[in-house]
Amino acid sequence: MLEAVHLTKIYAGIPAVESVSFTIAPGEILGYLGPNGSGKSTTVKMLTGLLQPTRGEILLDGQALAKDPVAYKLRLGYVPEEPQLYSFLSGREYLQLTGRLRGLAQPALDQKIDDLLALLGLSTARFSAIATYSKGMRQKVLLAAALLHDPDLVILDEPFSGLDVSASQVLKALLKDLAAAGKMILYSSHVLEVVEKVATRVIILHKGKVAADGSVEELRSLMTLPSLEQIFSQLVDQRDSAQVAAGILQVIRG
């Protein structure tokens, strides 16, 4: 089980994340939602070991990330929001590098890479430089790299970014299969309709604090609203969307 215990991150005296606590059990997909500036990305960076919390701790099966970050990261698969890759490498070379850093042995690694690239529709581009890849292709490489070592904990930050409809459908099915296989999954996104379909539980973050935590059904019942989008808007966005849109149109028309 992953446990985030009173996670807090303070910049220049201002809390970006304030006393956020939650758990993710094996087989659970936690949808992690929040508007820009809510502290969502800061939380993800703390959970992946990229940022150290000001206060609080992160535990994986009772073991603190801070005490053994290498052991923690060996069990982690992470897809960041921005596909930062070595663009001079081919997709296959990047996955080989990732696999070796994870300690995966040859030749099983090469076979696993070729199989993943084929399943993701990247076989014909496997020897081409990543610099020539589209955003969606880069996203697929990141996904393969995150899952290559069969991690226990999978953290996905806007994983559908750049994916076409077909690849998005595959990823939705894959998330459910990963959960069924006992993986712990945190899925951070702005795409509410996808979270509503795949998440077993949802946390909505607002101004660095947890505004809601529960299953989609529980939140619907609690707030008597029919969709996650309406719940999200009610909790974190007090503006009238139609009024804002009308105002923008008025401004651009002069």
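The values are calculated or read from the model by the stated rules, or taken from the named source; none is laboratory data. None of the values given here were measured: they were computed from a predicted structure. Cβ coordinates were reconstructed from backbone atoms using ideal geometry, including for glycine residues, and neighbour counts include every protein chain displayed.
Between LEU178, LEU186, the distinction of being closer than 29 Å to THR23 by Cβ and either in contact with a Ser or Thr (Cβ under 7 Å, 6 or more places away or on another chain) or part of a strand (DSSP E or B) (or both) belongs to LEU186 only.
Against the conditions (1) surrounded by 20 or more Cβ atoms within 10 Å (Cβ to Cβ); (2) in contact with a Phe, Trp or Tyr (Cβ under 9 Å, 6 or more places away or on another chain); (3) among the aromatic types (Phe, Trp, Tyr), TYR86 satisfies every one except (1).
Scanning the stretch 123-134 for any residue that is under 19 Å from the mean Cα position of the chain (by Cα) and at pLDDT 90 or above turns up nothing. Taking every residue in the stretch 1-14 that is among the small types (Gly, Ala, Ser) and pairing it with any residue that is surrounded by fewer than 16 Cβ atoms within 10 Å (Cβ to Cβ), at least 6 positions away or on another chain, the pairs with Cβ-Cβ distances below 6 Å are ALA4/SER21.
Among the residues of the stretch 52-100, write down those that are of a type in the set (Ser, Thr, Tyr) and part of a helix (DSSP H, G or I). Selection gives TYR72, TYR94, THR98.
Name the residues in the stretch 161-196 that are polar (S, T, N, Q) and modelled with pLDDT of 90 or more, would you? Residue satisfying the conditions is SER188 alone.
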